[in-house]
1. Tally time: how many residues in segment 35-54 are open to solvent by 40 Å² or more (accessible area, probe 1.4 Å), out of contact with any Ser or Thr (no Cβ under 6 Å at 6 or more places or on another chain) and either acidic (Asp, Glu) or modelled with pLDDT under 75 (or both)?
2. Tally time: how many residues in segment 132-149 are assigned to a helix (DSSP H, G or I) and either under 15 Å from the mean Cα position of the chain (by Cα) or crowded, with 17+ Cβ neighbours inside 10 Å (or both)?
3. Please determine, by comparing only the residues of segment 262-279 that are over 24 Å from Leu63 (Cα atoms) and open to solvent by 50 Å² or more (accessible area, probe 1.4 Å), which one is modelled with the lowest pLDDT.
4. Could you count how many residues in segment 218-245 are among the aliphatic types (A, V, I, L, M), in a helix (DSSP H, G or I) and open to solvent by less than 40 Å² (accessible area, probe 1.4 Å)?
5. Can you tell which of Leu122, Leu164, Leu156, Leu187 is modelled with pLDDT of 90 or more, in a helix (DSSP H, G or I), in contact with a Lys or Arg (Cβ under 7 Å, 6 or more places away or on another chain) and not β-branched (Val, Ile, Thr)?
Amino acid sequence: MMLIMQMTWKEMIRKRVMVLAMILTILFLIAYWFIADAVAGSESFGGFSDGNSIITNYTTGVLMMMIGFFFAGFVIALLSIFSSFSSIAGEAEQGVMQALLTRPISRTQFYIGRWLGFVTLLCCYTLILYTAIMVITDIHAAIPKAFMVHVKALLLLALIIVLLVSLTMLGSTKFSSLGNGVFITMLFGAGWLGGMLEKVQKIGIFEAFGAEEIGNTLSNISGLMSIIMPVDALQRKMMHGLIGLDELGSVVNVSKILSGFFIGDVPTGTFVIYAMLYAAIAFVWGVLRFRKKDL
């Protein structure tokens, strides 16, 4: 199993998946540095308090983190999908798997080894990206200093990786490589769209135009989309906890528009448990399907 995990790491490096991801990440971090410098250099920002106070410094950091993780969420999700969408179907089509499974390794060990390879490598990448965003933000403004706040945020990002890799590998036991990639990407897009509808509802656009009934209908639809694909909701939960709106909401003057656009409605702890069960079911189902799959 560990051999398969190491093989997965080498494959992602050999195919330059992580190399290209790191190059694009460096370019983003350079751009993010200049964005952070521009935001920090301005004395006031719409929705934030004026003045060079501690609160202003922290609210500036809030804006930077929102921008940074808006990008990071997309990168982590798409890397999780496109690194594993052909993990089973692609190798079966090329005949690679038939050669590997003739050795003394069970299908369950092979599947778990591949899963561990994708998850561990992507978690390492996520840790590097998270740390870089936090360091750049801290240089220009203020960030949360509590250790457990960052631990919880990283665990939620790790859960996103686990969920997407588990779901994508499950799809790879059923669909072709191309079909699986398209299907999971569209599923992720549906979840993201549901999150955007919730954010639009939170900002109050429908109320402003007197269309509360339409807003409520779209809110129900967005809730269903979030249940089908919980990734965007988990990211909003991560940002809410990282910013600390529950503790600082009455002190830090983050505007309704900004918090609504980047966070929207915050999922409960029960929703996080649901997402964990979702990932566990997808993982176990994928193992069972692969054990019976005709290669």
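The values are calculated or read from the model by the stated rules, or taken from the named source; none is laboratory data. This is a predicted model, so every value here is computed, not measured. Heads up, the Cβs are rebuilt from the backbone with ideal geometry, glycines too, and the neighbour counts pull from every protein chain shown. Heavy atoms of the whole protein, side chains included, go into the accessibility calculation; ligands, DNA and RNA do not. Shrake-Rupley method; radii C 1.70, N 1.55, O 1.52, S 1.80 Å.
1. 10
2. Within segment 132-149, the subset assigned to a helix (DSSP H, G or I) is 132-140, 147-149.
Still in the running and either under 15 Å from the mean Cα position of the chain (by Cα) or crowded, with 17+ Cβ neighbours inside 10 Å (or both): 132-134, 136-137, 140.
The qualifying residues number 6.
3. If we filter segment 262-279 for residues that are over 24 Å from Leu63 (Cα atoms), which is where we start, we get 269-279.
If we keep only those that are open to solvent by 50 Å² or more (accessible area, probe 1.4 Å) too, we end up with 270, 273-274, 276-277.
On the way: Thr270: 91, Ile273: 95, Tyr274: 95, Met276: 96, Leu277: 97.
Among those that are over 24 Å from Leu63 (Cα atoms) and open to solvent by 50 Å² or more (accessible area, probe 1.4 Å), it is Thr270.
4. Number of matching residues: 7.
5. Being modelled with pLDDT of 90 or more, in a helix (DSSP H, G or I), in contact with a Lys or Arg (Cβ under 7 Å, 6 or more places away or on another chain) and not β-branched (Val, Ile, Thr) holds for just one of Leu122, Leu164, Leu156, Leu187, which is Leu156.
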